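The values are calculated or read from the model by the stated rules, or taken from the named source; none is laboratory data. On a predicted model such as this, the values are computed, not experimentally measured, just so you know. Neighbour counts are summed over all protein chains in view; Cβ atoms, including those assigned to glycine, are modelled from backbone coordinates with ideal geometry. Remember, those area values only see protein heavy atoms, side chains included, never the ligands or the DNA or RNA. Shrake-Rupley method; radii C 1.70, N 1.55, O 1.52, S 1.80 Å.
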Amino acid sequence: MHLETERLVIRDWQPIRDARQALDIYGDEQVTRWLAASECDRSIHETQARLHRYVSLTQSGLGAWAVVEKAIDHVIGTVLLIPLPQVSQQPSGLIEIGWHFRPASWGYGYATEAAQQIIQHAFETVKLSEIYAVALPGNLRSIAVMKRLGMTLVGLSDRYHQGAELMLYCLKAEAATA
């Protein structure tokens, strides 16, 4: 994967090379508190293992990718397009878009910019008819991104991500291209 926006590069993770920068994301409780059933990484080795898992998700146009800010050539986040897991961790049949960014990069529109590029990829390349996103109800920043992307609230659900009560949003391809 290699996609670009005006300010960002979206590319495959390189677990050894990217681990220190990824630790700025996954070693920060401000980030992981919003990830259902995820704890902070406490070491480079834990972050490398996480990135190896992300690399293993890449198939058929789906995956979890590094987001690099061009101006500083630094990994600032992750954007993903993966099967949305049920409570049982089995695929639900739905595809989820998501994003995780280091706190120093919050508030600059990077999550929206990266997600817009992945939405285009999802509908034009992967040929999905709809995508979903989830957020814990208190995650107002993520919910704001979903709204900026034109996603519609489906409702609260505890059927995904290990049973956490999550706000479920949806974007249909025809709405994204309208």
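Just a few scattered comments:
- Under the criterion of Cα pairs below 8 Å and six or more residues apart, the relative contact order for the chain equals 20 percent.
- Potential lengthening of the chain between Ile44 and Gln89 amounts to 13.6 nm, from the contour at 0.36 nm per residue minus the alpha-carbon distance.
- The charge dipole of the chain, taken about its Cα centre with unit charges on the Cβ of Lys, Arg, Asp and Glu (plus for the first two, minus for the last two), comes to roughly 40 debye.
- By accessible area with a 1.4 Å probe, ligands and nucleic acids excluded, highest first: order of Val126, Val31: Val126, Val31
- Amide H to amide H distances under 5 Å link His74 with Glu69, where only residues 5 or more positions off or on other chains count and H is placed in the peptide plane.
- Note that segment 74-146 carries a Kirkwood radius of 13.1 Å, evaluated over its alpha carbons pair by pair.
- All distinct Cα pairs of segment 1-132 go into the 1/r average, and the inverse of that average, the Kirkwood radius, is 14.9 Å.
- Net length gained if the chain between Glu165 and Ile72 were fully extended (0.36 nm per residue, minus Cα distance): 29.8 nm
- Length gained on full extension, Ala144 to Gln21, computed as 0.36 nm times the residue gap minus the Cα-Cα distance: 41.8 nm.
- Label-to-label distance, nm, for residues given as Arg7 and Arg33 (7 Å Cα→Cβ offset): 2.4
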